[in-house]
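The values are calculated or read from the model by the stated rules, or taken from the named source; none is laboratory data. Just so you know, these numbers come straight off a predicted model, no measurement behind them. Every residue, glycine as well, gets a Cβ built from its backbone with ideal geometry; the counts of neighbours run over all protein chains shown.
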Amino acid sequence: MKTLNISQLLKSQPLEHVEIKGWVRTFRANRFIALNDGSSLHNIQCVVDFENTDESILKRITTGAAVSITGELIESQGKGQNVEINVKKLEILGDSDPETYPIQPKKHSFEFLRENAHLRTRTNTFSAVMRLRSSLSFAVHKYFNDNGFNYMHTPIITGSDAEGAGEMFRVSTLDQKNPPLTESGEVDHSKNFFGKDTNLTVSGQLEAETYAMSLGKVYTFGPTFRAENSNTSRHLSEFWMIEPEVAFMDLAGNMDLAEDFMKSVINYVLEHNKDDIEFLNNRLLDEDKTKPQAERNELSLIEKLNFVVENNFKRVSYTEAIDILRNSKPNKKKKFNYLIEEWGADLQSEHERFLVEKHFKCPVILFDYPANIKAFYMRLNEDGKTVRAMDILFPGIGEIVGGSQREERLDVLKEKMAVLDISEEELWWYLDLRKYGTAVHSGFGLGFERLVMFVTGMTNIRDVIPYPRTPQNAEF
Ligand code: 4AD
Ligand code: MG
């Protein structure tokens, strides 16, 4: 007999014999178990013949308990479901003490659930979010596979700082209390495992560039680490990044790729995860009802996702964006009160939000940023002061993608590295790409958690990754 999960049983015709295992969500009137096995949001109702069931067993059917049920799948008499299970045999696999089980059948705050991250996927919201996270990650691989990309595994431990921002976690095997010392009394890093200092990667881009220059189209999708002390709802110390890199592609091609890719993965979950998205959509609509009119969302989650899929992203140069910001009236009442900016300054998140949410009201691709505020590897424009960078800004999220056309000219790259004091010796292999068969190439990085936030409507990045790492927090 093939074992069906609850999601499949709920769509099935009546069956004489079914076996199912799962966790009790609720047990009512000594009769009705709502059972969930994680296959979908939906519980199956299992009706216990309480007159013929031992009292000692009935007592152990509590919220959170793991049970195994054998019975008959019949048409449901009750409302809200087509089928239910008439329980013939019930076995308690694992008890759950109702006095101490943290996930009670009631609304819990997200803060409380964060403290119980090991159990929070037993709620509808978090199971929906994590199923969507899984589905989105499949959609990412599917997109690149369908489009001729090679999946490349870039190293986690690395000697280079790809972003040149110095926000790295050190990897050290030295005894921190009694480190080996050199003759002059300094810590001897040559005694480190790799014979030198290494870090956890901040980005797989530089290695991805090397493979793009031989395999043509590649992407990485892996964990990246940033030791920045940003305690915001959009930053993690450990996050997953998707980084495609393509040879012979310029910045315009990069924008086309990013837009097509994002639309495609969002479309995938709209088609394949309808139930979970609808649940999260309704959760947000309910939340909106508790807010004053002015603070409610203009579009529902589903409307927002469809809007992104159906409309072009607005492409705007940094210089145009600064003009827009300069000519916009400061709104003193609310968040957007620092609109006047000087050319050359980095945009703050309130500027980005103004452009996306108030001015254009759609996703925006900002490009051609001042060279001074961007990384060393970006292609310098002919004006000598801007680089072929692009950031994609999403409503409610801000920056979701950062990318660029890469500097392919050896002399220009070397000059830039010298100005920023980046060692040529360390990046000799990166420079080799510009010596042997150099070519125009481009790529971008998408913060996976920010994408999951957008798709699920969750507003804190800690709620879209199983075990968030943030400053002062790595409990699990
Ligand atoms: O803009 P970033 O720093 O770009 C890079 O790392 C490039 N090497 C990417 C490339 O061109 N291949 O990071 C890319 C994206 C950001 O737009 C953001 O979505 C996400 O990664 N990101 C973070 N997400 C969560 N927590 C953080 N601390 C993040 N830092 C960046
Ligand atoms: Mg960036």
Item checked: Test set (1) over 20 Å from the mean Cα position of the chain (by Cα); (2) charged (D, E, K, R); (3) modelled with pLDDT of 95 or more - E259 fails condition number -> (1)
Check: Of the residues that make up the stretch 365-375, is at least one basic (K, R) and within 16 Å of ligand 2 (Cβ to nearest atom)?
Finding: yes
Next item on the list: Report the residue count in the stretch 180-206 for those that are under 24 Å from F138 (Cβ atoms) and either out of contact with any Asp or Glu (no Cβ under 8 Å at 6 or more places or on another chain) or in a helix (DSSP H, G or I) (or both).
Entry: 2
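Looking at V48, V24, can you tell me which residue is out of contact with any helix residue (DSSP H, G or I) (no Cβ under 8 Å at 6 or more places or on another chain) and surrounded by 15 or more Cβ atoms within 10 Å (Cβ to Cβ)?
Working: V48 fails: out of contact with any helix residue (DSSP H, G or I) (no Cβ under 8 Å at 6 or more places or on another chain).
Only one candidate passes the filter, namely V24.
I'd like to know if the stretch 234-247 contains one or more residues that are of a type in the set (S, T, N, Q), in the same structural domain as L427 (by TED's automatic domain parsing) and assigned to a loop (DSSP other than H, G, I, E, B).
Filtering the stretch 234-247 down to residues of a type in the set (S, T, N, Q) leaves 237.
From what's left, in the same structural domain as L427 (by TED's automatic domain parsing): 237.
Filter again for assigned to a loop (DSSP other than H, G, I, E, B), leaving 237.
Among the residues of the stretch 234-247, at least one is of a type in the set (S, T, N, Q), in the same structural domain as L427 (by TED's automatic domain parsing) and assigned to a loop (DSSP other than H, G, I, E, B), which makes the answer yes.
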Check: In the stretch 396-406, which residues are buried (at least 22 other Cβ atoms within 10 Å of the Cβ) and more than 16 Å from ligand 2 (Cβ to nearest atom)?
Finding: none
Notebook entry, point to check: Taking the stated definitions as given, is T201 among the hydroxyl-bearing types (S, T, Y), within 16 Å of ligand 2 (Cβ to nearest atom), more than 14 Å from the chain's Cα centre (by Cα) and surrounded by fewer than 20 Cβ atoms within 10 Å (Cβ to Cβ)?
Noted result: no
Next item on the list: Please tell me if F394 is in contact (Cβ under 8 Å) with a residue 24 or more places away in the chain, closer than 26 Å to L236 by Cβ and away from ligand 1 (no atom under 16 Å from the Cβ).
Entry: no
Checklist line | Selected residue (only one of K435, K414 is under 24 Å from G159 (Cα atoms) and surrounded by 14 or more Cβ atoms within 10 Å (Cβ to Cβ)) | finding: K414
Next item on the list: State which residue pairs qualify: first residue within 19 Å of G443 (Cβ to Cβ) and inside the stretch 401-424, second residue within 15 Å of ligand 1 (Cβ to nearest atom) and in a helix (DSSP H, G or I) in any location, beta carbons under 6 Å apart, and separation of 6 or more residues or different chains.
Entry: V401/A258; G403/N254; Q405/L251
Next item on the list: Have a look at E259, E320, E271 and point out the one that is under 30 Å from S39 (Cβ atoms) and away from ligand 1 (no atom under 12 Å from the Cβ).
Entry: E271
Notebook entry, point to check: So, in the stretch 347-395, of the ones that are crowded, with 17+ Cβ neighbours inside 10 Å, over 24 Å from the mean Cα position of the chain (by Cα) and of a type in the set (K, R), which residue ends up nearest to A321 (Cα to Cα)?
Noted result: R388
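Would you confirm whether or not the stretch 1-20 contains a residue that is among the charged types (D, E, K, R) and within 26 Å of T121 (Cα to Cα)? Can you show your working first?
First, pick out the residues of the stretch 1-20 that are among the charged types (D, E, K, R): 2, 11, 16, 19.
Next, from what is left, pick out any that are within 26 Å of T121 (Cα to Cα): 11, 19.
Checked the stretch 1-20: at least one residue is among the charged types (D, E, K, R) and within 26 Å of T121 (Cα to Cα).
Any chance you could count how many residues in the stretch 248-286 are closer than 24 Å to S404 by Cβ and part of a loop (DSSP other than H, G, I, E, B)?
Applying the first criterion (closer than 24 Å to S404 by Cβ) to the stretch 248-286 yields 248-266.
Narrowing the set further to residues that are part of a loop (DSSP other than H, G, I, E, B) leaves 248-250.
Here the count works out to 3.
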Next item on the list: Only one of these is of a type outside the set (D, E, K, R), within 16 Å of ligand 2 (Cβ to nearest atom) and part of a helix (DSSP H, G or I): L413, L355. Name it.
Entry: L355
Notebook entry, point to check: Can you name the number of the only condition in (1) modelled with pLDDT of 90 or more; (2) over 22 Å from the mean Cα position of the chain (by Cα); (3) not β-branched (V, I, T) that E342 fails?
Noted result: (1)
Item checked: Among (1) in a loop (DSSP other than H, G, I, E, B); (2) more than 10 Å from ligand 1 (Cβ to nearest atom); (3) in contact (Cβ under 8 Å) with a residue 40 or more places away in the chain; (4) in the same structural domain as M255 (by TED's automatic domain parsing), the one test that A375 misses -> (2)
